[in-house]
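As structure tokens, the structure follows; a few thoughts come after it.
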């Protein structure tokens, strides 16, 4: 039977996340960020044609549907006051009945040529002055609330816009002010940026604001390359059959993520391990405390993903490179890779090597 859902899937088949070969850093970073969006997003830097966009769209398609208030432009949650707009909040507080529907997690691509008005939204000053009402035209930050915002070639985006996006991602709110009129709405999302370092780097101040940094490289192993090509050919020949063949694995990963989200609040990171993380950050001369905070959160998210309640040193070791490599000070004379430096200091501090 041909349904509306089938029509949509045929128009926009998405390569299954669980079918993606290799690129473990990128996949782990995305999974941990959807388990705990407070990690602060991820920037993925690497060669062209390595599946960055495919993987990011795959994780969005994998996530369970969310409940939203029908016809609300901000994807407001039916009951969580931190995730609803002003009008909906007023309705909830007055015990008004709200129409609710299940929708896919929003996945929004930010075009490089986007203006600040398009990103943040605009206020119709004329209508506000004449009619005395706040006429707000929502922007991308409204549409992506409770979803994933993807910026391809983030290193080519205007620094001012990157700053706005990072501020909203960190605070969970977007504020638009013009001519003394102010509108504020929730904007909680996972910020994912990707780019090719050959085309330029982000400023260190902006790079530091991303929670995690994944590096991806073109696969060199010829057998693995053949496997990737064959997988893609099968998908292109018959997308629906290919998607169906991965349905069980997709559902298994989806349920694991859901369980991890529920378990996250009860995960414990003991004081000794927290001190070790901060000692590593100190040894690496990481500026500020973002590195400490993000490593703590990522380790807890990984622990929850593994179905455990007590963070281990193995959990920390798995995520610490992703959390710190982009926060290290650049030394033009240093020949050691930043990720290798992080692992080396981790092993020293944890007593794994002398």
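Within the stretch 173-181, the presence of a residue that is modelled with pLDDT of 80 or more, surrounded by 15 or more Cβ atoms within 10 Å (Cβ to Cβ) and not in a strand (DSSP E or B) is excluded. Evaluate the stretch 219-229: report whether one residue or more is in contact with a helix residue (DSSP H, G or I) (Cβ under 9 Å, 6 or more places away or on another chain) and buried (at least 20 other Cβ atoms within 10 Å of the Cβ). No, there is no match, as no residue in the stretch 219-229 is in contact with a helix residue (DSSP H, G or I) (Cβ under 9 Å, 6 or more places away or on another chain) and buried (at least 20 other Cβ atoms within 10 Å of the Cβ).
Quick one: what pairs do we get from the stretch 80-109, first residue at negative phi and without any contact (Cβ under 8 Å) to a residue 60 or more places away in the chain, second loosely packed, with under 13 Cβ neighbours inside 10 Å and in a helix (DSSP H, G or I), C-beta under 8 Å, 6+ apart or different chains? Note: pairs meeting the criteria are 89/81; 92/81. Only one entry in 202, 149, 165 is part of a helix (DSSP H, G or I) and in contact (Cβ under 8 Å) with a residue 12 or more places away in the chain, namely 165. Checking each residue in the stretch 268-285 for being surrounded by fewer than 16 Cβ atoms within 10 Å (Cβ to Cβ) and under 27 Å from residue 252 (Cα atoms) picks out only 268.
Of all residues in the stretch 295-331, those that are in contact with a strand residue (DSSP E or B) (Cβ under 7 Å, 6 or more places away or on another chain) and within 24 Å of residue 155 (Cβ to Cβ) total 5.
Can you name the number of the only condition in (1) within 28 Å of residue 49 (Cα to Cα); (2) surrounded by 21 or more Cβ atoms within 10 Å (Cβ to Cβ) that residue 198 fails? Only one criterion is unmet by residue 198, namely (2).
Only one of 339, 288 is under 24 Å from the mean Cα position of the chain (by Cα) and either crowded, with 22+ Cβ neighbours inside 10 Å or closer than 22 Å to residue 27 by Cβ (or both). Can you tell me which? Just a single option satisfies the conditions, and that option is 339.
Checked against (1) over 21 Å from residue 290 (Cβ atoms); (2) modelled with pLDDT under 90; (3) not in a helix (DSSP H, G or I), residue 307 passes all but condition (2). When you check residue 47 against the structure, is it within 22 Å of residue 156 (Cβ to Cβ) and surrounded by fewer than 17 Cβ atoms within 10 Å (Cβ to Cβ), yes or no? For residue 47, the condition - within 22 Å of residue 156 (Cβ to Cβ) and surrounded by fewer than 17 Cβ atoms within 10 Å (Cβ to Cβ) - is met. For residue 217, the conditions (1) touching a strand residue (DSSP E or B) at 6+ places or on another chain (Cβ under 9 Å); (2) without any contact (Cβ under 8 Å) to a residue 60 or more places away in the chain all hold with the exception of (2).
With respect to residue 254, is the statement that it is under 24 Å from the mean Cα position of the chain (by Cα) and in a helix (DSSP H, G or I) true? Yes, satisfied. Restricting attention to the stretch 313-326, does a residue exist that is at pLDDT 85 or above, in a loop (DSSP other than H, G, I, E, B) and either under 19 Å from residue 39 (Cα atoms) or outside the structural domain of residue 205 (by TED's automatic domain parsing) (or both)? Within the stretch 313-326 (the criterion being at pLDDT 85 or above, in a loop (DSSP other than H, G, I, E, B) and either under 19 Å from residue 39 (Cα atoms) or outside the structural domain of residue 205 (by TED's automatic domain parsing) (or both)), the answer is no, since none of the residues qualifies.
The values are calculated or read from the model by the stated rules, or taken from the named source; none is laboratory data. No experiment lies behind these values; they were computed from the predicted model shown. Every residue, glycine as well, gets a Cβ built from its backbone with ideal geometry; the counts of neighbours run over all protein chains shown.
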